[in-house]
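The values are calculated or read from the model by the stated rules, or taken from the named source; none is laboratory data. Computed from a prediction, not measured in an experiment: that's the story for all the values here. Please note: Cβ atoms are built from the backbone with ideal geometry, for glycine as well, and neighbour counts cover all protein chains shown. Each accessible area value is taken on the protein alone, full model and side chains, heavy atoms only, with ligands, DNA and RNA left out. Shrake-Rupley method; radii C 1.70, N 1.55, O 1.52, S 1.80 Å.
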Amino acid sequence: MEKPLKVLINFNEEITRKQLKKHFYYSWKKKLPSILKNFLFLSILFFIIDNIFDGYRNRLDFLKFVGFFLILYSILYGITFYFNKVNYISKINEHINELKKFDTTIELLLDKQSLHIKCEQYDLRSVWGKVTYNIYKETLLIFVNLGAEFTFLLNKEETEQYSDVLDIIKQKSKLKR
C-alpha cells in the first residue's frame with residue numbers, strides 16, 4: 001500500500017441506528033458463553049452442597065431443583081437483556097440527536113503506519129499494532145485499544161470503498177477473537 005486510502009463517510013441515521021443495534025446484539029452474543037459457564041459452575045456447586053447435606057432427598061429432587069434454577073436463571077437473563085435493550089435504544093436516540101448537531105462527515109485514513117479516524121467530535125490515530133477487527137454480518141467492527149477500547153463500525157452500505165478498507169484492515173491488523 002503505497003498511497004494512503006482516504007474514505008469519506010457521510011452520516012446516515014438509518015444505517016447508524018442499525019449498526020448500533022447490531023453492536024448491542026454482538027455484545028450480548030459475546031457474553032452468552034460466560035453466562036452459560038456461570039450456570040454450569042453454579043449447578044456443580046449445588047450438586048456438591050446437595051451431597052454434603054444429603055437428607056431425605058433423592059436425585060429426582062435435585063434435578064427438579066436444577067430445572068427450577070435453570071428456568072429462574074433464564075427468566076432473570078431475559079429480563080436483564082430486555083431492560084438493557086430498552087436502555088440502550090434510548091441511549092442510541094440520544095446519541096443520534098447529538099450527532100445531528102455536528103458536521104457528520106467522518107474521514108477514515110488508512111496508511112502504512114496507522115489508522116486515522118477524524119470527525120468533528122473526535123480525532124483518533126493509532127498504530128496498526130493496537131488495532132483489531134471483527135466482521136459481524138455486513139458490518140466491520142474496528143477496535144482500537146487506547147487503554148480503553150474504542151469501537152468504530154463501518155457498514156457495507158455506508159461506502160463504496162468498503163472492500164478496499166476491509167482488505168487493508170485484514171492485512172494490517174489482527175482478527176479479534
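Couple of notes before you dig in:
- Percent of Cα-Cα distances greater than 19 Å, calculated over region 106-171: 26 percent
- Surface composition of the chain: carbon plus sulfur atoms hold 59% of the accessible area, using a 1.4 angstrom probe and ignoring ligands, DNA and RNA.
- Given the chain, longest segment not containing exposed loop GluC sites (Glu not before Pro) (DSSP; at most 16 other Cβ within 10 Å): 3-119
- Solvent-accessible area per residue for region 97-177 (1.4 angstrom probe, square angstrom): 58 Å²
- Once the Cα gyration tensor of region 1-70 is diagonalised, semi-axes √(5λ) in Å: 52, 15, 6
- Here the extension length gained between Leu5 and Phe65 equals 15.7 nm, from 0.36 nm per residue of separation less the Cα-Cα distance.
- Volume per residue of the C-alpha convex hull in region 61-101, rounded to whole Å³: 30 Å³
- With N counted as the residues of region 1-129, its alpha-carbon radius of gyration over 2.2 N^0.38 Å works out to 1.73.
- Largest first and in whole Å, the equivalent-ellipsoid semi-axes of region 71-152 read 31, 19, 11, each the square root of five times a Cα gyration tensor eigenvalue.
- Value of relative contact order over the chain, rounded to a whole percent, pairs C-alpha under 8 Å and six or more apart: 27 percent
- Each Lys or Arg adds one and each Asp or Glu subtracts one; over the other residues with Cβ under 12 Å from the Cβ of Ile106, this totals -3.
- Surface per residue (accessible, 1.4 Å probe) for region 1-77, Å²: 75 Å²
- A Förster distance of 41 Å, applied to the separation of the beta-carbon atoms of Thr151 and Asn58, puts the FRET efficiency at 0.20.
- Straight-distance crosslink candidates among lysines, where the alpha carbon sits under 24 Å from Lys112 and sequence neighbours closer than 8 are dropped: Lys3, Lys6, Lys130, Lys156, Lys170, Lys172, Lys174, Lys176
- When the alpha carbon coordinates of region 103-143 are projected onto the principal axes, the ranges are 28, 25, 14 Å, largest first.
- For the chain, the longest principal axis of the C-alpha atoms and the axis of helix 13-52 are separated by about 30°.
- Computed from the C-beta positions of Lys137 and Tyr82 and an R0 of 35 Å, the FRET efficiency is 0.95 to the nearest 0.05.
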